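This report refers to the structure that appears directly beneath it.
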């Protein structure tokens with residue numbers, strides 16, 4: 001699954017040489033544009049001497065990709081998605097702006113000037129009639145930091161609305177909120193080197209083997225090298241490929257994570273395994289915390305979670321007796337009604353035992369997208385401002401207004417609409433303009449039919465996208481061709497806070513433009529010439545890093561030039577610091593960015609699932625990813641090798657449940673929630689616990705084997721982070737006699753949409 005640097009050097013990138021970018025024989029270094037591991041890539045141009053030029057399905061010559069040996073985060077490793085990324089970049093591209101007045105009209109090609117005129121007129125008229133909050137943007141962790149930053153400046157500064165949110169709301173906002181509540185600021189305090197130093201690693205709510213495979217391979221090599229020096233604990237209702245290497249696998253019932261953590265904490269205290277010195281000198285709220293957990297006895301906890309009491313006690317002893325404890329988590333924790341509380345419960349264990357701010361220890365959130373961290377740094381959520389600042393903090397607003405050159409009071413004092421509230425606002429007819437950029441919400445959002453209906457009520461839906469045929473593009477009025485990662489300069493930050501410069505090594509496709517450049521041009525046309533006069537992405541990045549000075553995420557010493565010359569760097573990196581590849585950890589001095597300087601024990605009580613199983617819907621559906629696909633299939637769905645790994649989505653269920661509901665292996669099942677029904681082939685497996693079923697989330701309605709898993713998921717979210725509970729929905733299953741197709745396929749709407757779109761692309 002994970003390769004040495006040369007094993008998968010057979011992918012590549014489509015390229016159209018121009019006078020502005022002549023052919024080269026030199027390789028180019030960049031960061032992989034898939035998951036948050038942020039592996040370094042070595043990219044080699046097509047047409048090596050003596051070798052045939054490899055081409056994609058449309059005949060475009062391709063660059064090849066392999067792991068970059070010197071990248072400090074990945075050391076030459078790359079998974080199959082990164083190794084084949086070149087096969088995804090030339091096919092099905094959007095070449096020019098397209099517009100239609102209504103969704104029933106065909107798209108027509110328009111100029112960029114016309115597109116800007118349309119946007120300017122609509123924004124100005126909306127500001128005059130409804131105000132700034134009738135405009136919203138939904139961005140992406142696939143942005144470069146420069147794209148993220150200028151989007152914030154445009155909406156929050158120039159327009160005066162905080163209605164910018166990103167798909168990071170769906171994957172990482174609970175981690176953001178959890179770190180901020182407990183430690184005083186966002187920012188993972190750990191680094192990948194901690195995988196080499198820890199004695200115990202807790203993997204909770206993460207199928208690392210498939211979702212962050214290079215990190216998993218690093219952990220696996222460590223275990224093979226030193227089997228007695230590392231104990232692995234996996235907490236997951238499924239026996240995933242990650243769980244196969246565990247010394248302890250706690251296959252707990254869905255929605256019981258916080259109870260488990262409380263039960264562990266009670267046992268640690270009972271066993272005198274806590275660090276009283278650290279608690280006294282570096283924390284607050286311990287007394288209240290002990291009251292919260294006191295009822296979670298071993299018997300109650302094990303019964304509630306559906307695990308053996310002996311396993312609970314064994315894992316508690318690991319926390320009590322071992323040093324260098326590292327915890328890793330991802331979507332299985334974050335995408336929950338109690339996501340923030342579970343993050344807090346996990347951090348509580350680290351505070352209880354003093355396992356933070358030192359080698360091999362700490363609570364480590366693994367991000368889902370390549371630059372989700374960069375988005376957090378740039379203020380890319382509805383309640384944030386650049387530099388880990390808050391829109392509700394007057395001092396923070398004033399500092400950013402001054403840096404941006406806007407008058408005091410330009411930035412609104414209240415949080416904007418988060419992702420789901422943007423959908424609800426469209427439902428009520430309150431949004432005149434919804435701008436989606438570099439993401440595909442009609443696959444990744446919950447309750448998809450509701451999202452589609454809401455989009456049809458919005459007067460102007462704008463989609464900035466590199467590819468023409470995405471699910472979301474079919475519900476747009478204005479399509480804007482976006483330059484890809486390979487076609488623009490910019491920076492990205494991975495899960496360990498390491499920043500990599502990503503150069504433009506291919507000419508832009510057609511009339512595509514970098515997202516930051518589009519936002520800046522629009523800002524100038526709206527009258528903010530001085531604030532948006534940039535000549536390059538380097539200038540944008542320089543302004544961004546300056547605004548982070550003296551913050552936890554201080555990046556004021558970074559620049560495109562420095563990153564190009566010295567390679568990836570980890571923050572904090574204040575101005576005047578020298579380049580290094582040595583990892584840094586936060587909070588080594590046991591001081592935290594809270595008013596008291598102390599970390600805070602959280603005292604949340606378990607809530608359980610927002611939609612628990614019942615007599616009518618007796619099963620819990622959980623949704624996740626396959627190794628060969630990444631989020632939606634906009635990119636990975638174009639690679640035959642990846643599609644061959646997973647030809648279709650499967651409903652994974654336990655043999656006892658299959659027998660109970662009359663289902664056969666490879667048979668067709670109908671899966672029904674309160675929001676609808678879909679069908680999938682059954683995969684009977686004992687790797688999932690009784691009462692739970694699993695579907696992958698990748699296949700949207702544009703795919704031949706469409707299975708819109710998120711259409712079944714509810715919209716209820718964590719009350720603190722506003723992150724939807726995409727990991728659990730109550731369903732019932734039954735044998736199906738025929739495939740239930742998405743409405744777009746069943747009614748012919750998809751074919752019609754494609755007929756409307758295709759002429760404009762010719």
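The values are calculated or read from the model by the stated rules, or taken from the named source; none is laboratory data. In this text, all values refer to a predicted model and were calculated from it rather than measured experimentally. As a convention, Cβ positions derive from the backbone with ideal geometry for all residues, glycine included, and neighbour counts pool all protein chains shown.
Side notes on the structure shown:
Conditions (1) closer than 18 Å to residue 401 by Cα; (2) out of contact with any strand residue (DSSP E or B) (no Cβ under 6 Å at 6 or more places or on another chain); (3) free of Cβ contacts under 8 Å to residues at least 24 places away in the same chain, marked per residue:
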{"position": "514", "(1), (2), (3)": "no, yes, no"}
{"position": "520", "(1), (2), (3)": "yes, yes, no"}
{"position": "524", "(1), (2), (3)": "yes, yes, yes"}
{"position": "527", "(1), (2), (3)": "yes, yes, yes"}
{"position": "531", "(1), (2), (3)": "yes, yes, no"}
{"position": "537", "(1), (2), (3)": "no, no, no"}
{"position": "543", "(1), (2), (3)": "yes, yes, no"}
{"position": "547", "(1), (2), (3)": "yes, yes, no"}
{"position": "551", "(1), (2), (3)": "yes, yes, no"}
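- Residues satisfying the stated conditions in the range 488-539, i.e. under 23 Å from residue 172 (Cβ atoms) and not in a loop (DSSP other than H, G, I, E, B): 490, 491, 492, 493, 498, 499, 500, 501, 502, 515, 516, 519
- Helices (runs of 4 or more DSSP H) wholly inside the range 334-431 containing at least 3 residues that are under 30 Å from residue 315 (Cα atoms): 339-353
- Consider the range 106-137 and keep the residues that are out of contact with any strand residue (DSSP E or B) (no Cβ under 9 Å at 6 or more places or on another chain) and not in a helix (DSSP H, G or I). The one that is nearest to residue 628 (Cα to Cα) is 106.
- In the range 123-139, the residues that are under 21 Å from residue 463 (Cβ atoms) form Cβ pairs under 8 Å with partners that are at pLDDT below 95 and not in a strand (DSSP E or B), at six or more places apart or across chains, as follows: 138/167; 139/167.
- Residue among 431, 417, 381 that is closer than 16 Å to residue 161 by Cβ, more than 24 Å from the chain's Cα centre (by Cα) and at pLDDT 95 or above: 431
- Single residue of 299, 263, 273, 288 found to be in a helix (DSSP H, G or I) and buried (at least 17 other Cβ atoms within 10 Å of the Cβ): 263
- Restricting attention to the range 385-414 and to residues that are touching a residue at least 60 places away in the same chain (Cβ under 8 Å) and within 24 Å of the chain's Cα centre (by Cα), the residue that is surrounded by the most Cβ atoms within 10 Å (Cβ to Cβ) turns out to be 386.
- Apart from one condition, residue 660 fits all of (1) closer than 23 Å to residue 239 by Cα; (2) touching a residue at least 12 places away in the same chain (Cβ under 8 Å); the exception is (2).
Per-residue answers, yes or no, for (1) surrounded by fewer than 22 Cβ atoms within 10 Å (Cβ to Cβ); (2) more than 25 Å from residue 241 (Cβ to Cβ); (3) in contact with a helix residue (DSSP H, G or I) (Cβ under 8 Å, 6 or more places away or on another chain):
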position	(1), (2), (3)
610	yes, yes, no
617	yes, yes, no
638	yes, no, yes
647	yes, no, no
652	yes, no, no
657	yes, no, no
688	no, no, no
